[in-house]
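Asks: This is the structure I want to talk about, given as C-alpha cells.
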Amino acid sequence: MTNSTPFKRSFSVCVYCGSRDGLDPAYAQAATDCGTMLARNGWRLVYGAGDVGLMGRVARAAQAGGGDTFGVIPQHLLDWEVGKTDLTTFIVTETMHERKKVMLMNADAVVVLPGGAGSMDELFEALTWRQLGLHAKPIFVLNQNGYWDPLLALMDQIIDQGFADASLRDFLTVVPDVDTLTTDLAAVRASAS
C-alpha cells in the first residue's frame, strides 16, 4: 500500500556567507536577522555547516527560531570551520565542489550575504550554472551597507567589455536589507506554490 499524500519539502534557501564576521557589525546583524527570518517563515536554511563567522550566526539564529537547518561541509573543513553537527541535517562531503553542488541542488533560492573568496566562488558557480541553464533558481545578493558594490561594478565592466550579455545581471536580484529580501523570497515562494 502506498501513501496517497505526496511528500512536500519545505521551501529551502541556500545562504552563502563568510566564515568570519567582517568589520562592520551590520554584517553580523544581517546574518542573524536572515536566520531568524528563515525560521519565522518556516523556510529551511541550506548552508555550509560552519559554526563560525556569519555562517554560524545564520544557523544559530535559524535554530533559535525553531527552523529547519541543512548543512553541508567537506571533510577537510570540519575543524577549520568548526562543523556544526547539531543541525537538522548534517552532511559531510569529500570535496568543495561536491559541497556546492549538494547545497545548490537542495535549495529553491540562493542568498549571498557578505563574505570572502569562498562566498564569491559559490556565487559565481551558481551564477554560471544559471547562465548555462543548469538551474533556474533566483539568486539574491544582500548588499548590506553597499558591501557588494565593487563586485557589481566589476560585473558591469564584464558586460560593458563584451565578455557577457547584459542578461547576466538579470540573474541577480540585489537587495539592500533583510526586510526587502523577505518580501522577495515570499514572492518566489508564492510563485512556486
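Coordinate-derived values only; no laboratory data. All of these numbers come straight from a predicted model, not from anything done at the bench. When we count neighbours, we look across all protein chains shown, and the Cβ atoms used for this are built from the backbone with ideal geometry, even at glycine.
Asks: Would you say residue 125 is in contact (Cβ under 8 Å) with a residue 12 or more places away in the chain and over 23 Å from residue 175 (Cα atoms)?
Replies: no
Asks: What pairs come up if the first residue lies in segment 84-113 and is acidic (Asp, Glu), the second is in a helix (DSSP H, G or I), and their beta carbons are under 8 Å apart, counting only those six or more places apart or on different chains?
Replies: Close Cβ pairs satisfying both conditions: 86/63; 94/75; 108/188; 108/189; 108/192.
Asks: Restricting attention to segment 25-45, which residues are more than 18 Å from residue 88 (Cβ to Cβ) and either in contact (Cβ under 8 Å) with a residue 24 or more places away in the chain or of a type in the set (Ser, Thr, Tyr) (or both)?
Replies: Scanning segment 25-45 gives 26, 27, 28, 30, 31, 32, 33.
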